[in-house]
Structure formats: structure tokens, C-alpha cells
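Asks: Quick one: the structure is below, questions incoming.
The values are calculated or read from the model by the stated rules, or taken from the named source; none is laboratory data. Just so you know, these numbers come straight off a predicted model, no measurement behind them. Positions of Cβ are backbone-derived with ideal geometry, glycine not excepted, and every protein chain shown enters the neighbour counts.
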Amino acid sequence: MSKCNDDFFDAKKDWSRVKDALLGSYLPVYFAKVIHTKKPIVYIDCFAGAGKFKSGEDGSPRIALAERKSAIEHCRSFAILPKIDMYFIDPVYDKELAANISDYPHDDGHGSIKVIKGTYETTVPEILSNIGDANVFLYVDPFGIRNLANRIFANACKNFQGNVELLLNLNSFGFIREACRVTGTLYKGEKIELEEREESIIDKSANAERVLSAIAGGEYWRKIIEDYHRDSQPSPKPSLVAERNFSACYRKTLSKSGGGPFKYVLDIPIKTKPGSYPKYRMVYATNHPDGCIAMADNMIRRADELYTEIQSGGQMSFFEVDANQEMKPDAAILTPLVRECLSRQISSLQNSVANFPGIHCSNPSKIPVKIRLRDMVADFFCENGVICATKDIHAILASLENKGEIVVSRIPNITKTGKPSKFWVEDKDKTIYIHLKESSQ
Ligand SMILES: C[S@@+](CC[C@H](N)C(=O)[O-])C[C@H]1O[C@@H](n2cnc3c(N)ncnc32)[C@H](O)[C@@H]1O
């Protein structure tokens, strides 16, 4: 690829196909889910590009438009179908984009489709300030890190009264490399080809460190680079550790626990060789546990394809992979993690109850509480990363239920034929709560 990315839209790279699959497979689930809220849906592709590659393959705008069309066609009743508006922002490729999506009408009665020549920095806050309560999906796929000012998304999401989900391409390795260059730290990793415009590389000026902090959303990156400098392990270990730590801190800036707007934040590294540097990470953030669970399972499936089709040249793997494209942990490893997640959530709920005004309780651990299965599973993914699929967590919980360690209550608790319910998948008519056996509370 040329350094200035002029040839970006000539043909799609293998690793770009993975991010497209992540978006294209999640959008049907997203549209189906938010249509039922009956609130308007606003999809914003913040770095839209040309819409189509010269090779004929669809870019992210056409992928999203096809999913919107299919969601509308599959909606059982137009009476419940809210407007689905789509915005595509690009300062350079707006004309190509408008031509490449001209087969979609500007307004089809179910919402409008707009191409905006501009930058996301001004356009996204403007769009959000003009809509009321709505479901907003932000797709953020820049060339590199230069334009990725963390606070723009954090502020836009914090000030918005509706519900926002975010899928963002984070060039985490590009950040480490730039931070090394700006601070005069020796970069110890392999030379890597990154999707990045030459002019987007940060100036080595007095302002450069401030730009890095604005991208990172904090100063935490300085310590990561200092530790990297001191790390004497053989390459590539120090670079891999720095990238992983940077990504974890970045996720934290988006999450409520780190002062950000989202309850659940996940990511998947996109690696082209096993054990190698990620080309980038796709970061997903939401406030809804169902979205988190659907995206985690989507990430596991994409990781499997990534491993089979790109990393090992079409060879099936001998083991199941997790979202890091590493061997998926077995039940012996997962069981204590599930137990820990469960007891952490139960004690946090017990403490909240004990601290409720008017409640006097000297031993909160004796308060009987129950937690929703979906909340527990979404928290598990955020705490541990996407190291397994939802069905693996259900299997561990089922074995804890069989051993009598936990009690699972299902609503409805009997099937239509009068048998005890056994389901593990929740939906709008099925709910599951988990509590510890009274003796262990
Ligand atoms: C990686 S490409 C997007 C590719 C697209 N998502 C796809 O899959 O087809 C990044 C795009 O961001 C655009 N861009 C650069 N700076 C921008 C900014 N400040 N705001 C919005 N778009 C920008 C570029 O012109 C380029 O088309």
C-alpha cells in the first residue's frame, strides 16, 4: 500500500474483510433489537470512504445500507418500524460515495440517506444535537490514529440523551509506534505496515505529546511507553505487552468505570499471523447487555474465520480459538472465572442493598439477591475479555446448577406442555435469574 493510502480503495485487504464481517454480521442483530424500541434509529458512518472499492467490493456504507434494506423488508409490521436515517461523512470521497450509493433513494419513506462532505469532529456532534431520544450507531473507521480524538466520541455520547453504540477501528500499534517516535524511545518491534496517511503522522513538535494524550483520552500512555523502554525481554514481547496495555487503558477511557459513557466495552485484535502484532483492534462499546453478548459471539465467530482463512492459509485449526485468536480456555479454566464473576456481582448487589437508606444490615452477604443472567454474561466478557462464547458460560452455569452450587430461576418456569423449563437463552418472553444456594449466602 502506498504510504499516503491513495490506493486504499483499489482493492480490499484481507484484514479489512474481517472488520466488514464484524459490522455486517452485527447490524442485522442491532436493527432487529432496536426496531422494537420504536425510537428513531440513526446510523452514522463517521469515516465513510468511497462506498465501493475499484475491485467492485462493497465498502462500509454499502454494507450498512444493504443491512438497513433487509431489516426493513424483514420487519413484520411497518406499524412498529421507526425511521432509520443513515449519515455518511467523508471530507474527500463524498462525490465517489454519492455516486456509488446512488441505487439507494435519498428517502424511501423509512428514513433518509445522506452523504455529508465534512469531518466527523464537527458533523457528529451537530447530528446528535439535532436529534432527540434515538438509537444511534457510530461506525468509526479512520486510516490511522491522527484523527481519532477520544473526547469527541466520549463527549458526544455523554451529552446525548439517547442510546449510543460504537464500533471503532483502533490502530493501537500505530499509537505505540508514534508515542515512541515522539518521546524519543527506541521502538523495539518489527517494522509494520499500517493503514495510515503520511500526513496524518504526528509532528514531532512541542504539541505532539498533547495530540497523543487527546487521542488516548488521558496521560496513561506515558507510563506504558516508560515501561516499554525498561522492558528487557526479547522482541516481540515488549511491543506486544505495550500494545495490550494501551488497548486495555483505551477501553477503560470509554467505560463508566474509567469516567466514559459506556457500561460494556469489548475488543478483538485483528492479527494476520498467529502470535503477531494486531494490525488494529476493533473496539465495541454499548450500554446494553444484549448488544454486548451479541457482539462477543460475533467476535468469536470472526476470530475463527480470521484464524482459518488468513492466519493459517485456509487450514482448519486443531483447537477452538477465542477472540484473541488464541486457544479457547477449557472448562477447568473457565469455571473459577465464572464463579468469581458471579460472586463479585452478587456481593456488589448485596452491598448496594445494604447501603440503601433505611436498611440496617450488619452482614450484607446474608441478603438474598438474584442477578439477571444476561447482565452476568455481559459483565463476564468485559472483565475477562471475549475468551469464550456465551454458550460456554451457559454450560459452566448448567454444571454449577447440577452440582447445586447455584439456583437458576426461569420465567416462565414451566413449558407449554407443563414440564420444568430448561432454557438458557433469554429473549423478550424468557428471563433467567441466578442466585446462590441459601446456605452459601
Ligand atoms: C479507512 S477509510 C474508510 C473506509 C470505509 N470505512 C470502508 O470500509 O469502505 C478512512 C476514510 O476517512 C476519511 N477521513 C479522513 N479524515 C476524516 C475526518 N476528519 N472525518 C471524517 N472522515 C475522514 C478519509 O477520506 C477516508 O475515506
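Asks: State which residue is nearest to the ligand (Cβ to nearest atom) when the search covers only region 66-90 and only residues that are part of a loop (DSSP other than H, G, I, E, B) and closer than 21 Å to residue 136 by Cβ. Even if it seems obvious, please write down each step before you answer.
Replies: Start the filter on region 66-90 by keeping residues that are part of a loop (DSSP other than H, G, I, E, B), which leaves 75-83, 90.
Now restrict to residues that are closer than 21 Å to residue 136 by Cβ: 75, 80-83, 90.
Details: 75: 26, 80: 30, 81: 26, 82: 25, 83: 23, 90: 5 Å.
Among those residues, the one meeting the criterion is 90.
Asks: How many residues are outside any strand (DSSP E or B), within 14 Å of the ligand (Cβ to nearest atom), over 24 Å from the mean Cα position of the chain (by Cα) and within 22 Å of residue 30 (Cβ to Cβ) if we restrict to region 98-138?
Replies: Residues flagged as outside any strand (DSSP E or B), within 14 Å of the ligand (Cβ to nearest atom), over 24 Å from the mean Cα position of the chain (by Cα) and within 22 Å of residue 30 (Cβ to Cβ) within region 98-138 amount to 1.
Asks: Could I ask something else about it? Specify the residue that is nearest to the chain's Cα centre (by Cα); the eligible residues are those in region 403-440 that are exposed (fewer than 10 other Cβ atoms within 10 Å of the Cβ) and among the polar types (S, T, N, Q).
Replies: Filtering first and then ranking leaves 413.
Asks: Something else now. Just to be sure before I move on: is residue 53 buried (at least 20 other Cβ atoms within 10 Å of the Cβ) and within 16 Å of the ligand (Cβ to nearest atom) in the structure I sent?
Replies: On the way: buried (at least 20 other Cβ atoms within 10 Å of the Cβ): no; within 16 Å of the ligand (Cβ to nearest atom): yes.
Here the answer is no, as residue 53 does not meet what is asked.
Asks: Name the residues in region 139-152 that are within 12 Å of the ligand (Cβ to nearest atom) and not basic (Lys, Arg), would you? Lay out the reasoning, then the answer.
Replies: Residues of region 139-152 that are within 12 Å of the ligand (Cβ to nearest atom), as a first pass: 139-149, 152.
Passing the criteria: 139, 140, 141, 142, 143, 144, 145, 147, 148, 149, 152.
Asks: β-branched (Val, Ile, Thr), under 29 Å from residue 128 (Cα atoms) and assigned to a loop (DSSP other than H, G, I, E, B), is that true of residue 63?
Replies: Numbers: β-branched (Val, Ile, Thr): yes; under 29 Å from residue 128 (Cα atoms): yes; assigned to a loop (DSSP other than H, G, I, E, B): no.
So residue 63 does not fit the description; no.
Asks: Then there's this: Within the group 362, 352, 399, 343, which residue is without any contact (Cβ under 8 Å) to a residue 12 or more places away in the chain, part of a helix (DSSP H, G or I) and not assigned by TED's automatic domain parsing to the domain that holds residue 247? Talk me through it step by step, then tell me what you get.
Replies: Values: 362 fails: part of a helix (DSSP H, G or I); 399 fails: without any contact (Cβ under 8 Å) to a residue 12 or more places away in the chain; 343 fails: without any contact (Cβ under 8 Å) to a residue 12 or more places away in the chain.
Unique residue meeting the criteria: 352.
Asks: While we're here: Pairs, please: C-beta under 9 Å, at least 6 apart or cross-chain, first residue closer than 17 Å to residue 259 by Cβ and assigned by TED's automatic domain parsing to the domain that holds residue 250 and in region 213-238, second of a type in the set (Lys, Arg) and not in a helix (DSSP H, G or I)?
Replies: 215/146
Asks: Please specify each residue of region 245-274 satisfying the condition of being part of a strand (DSSP E or B) and of a type in the set (Ser, Thr, Tyr).
Replies: Let us first name the residues in region 245-274 that are part of a strand (DSSP E or B), namely 255, 262, 264-271.
Correct list: 255, 264.
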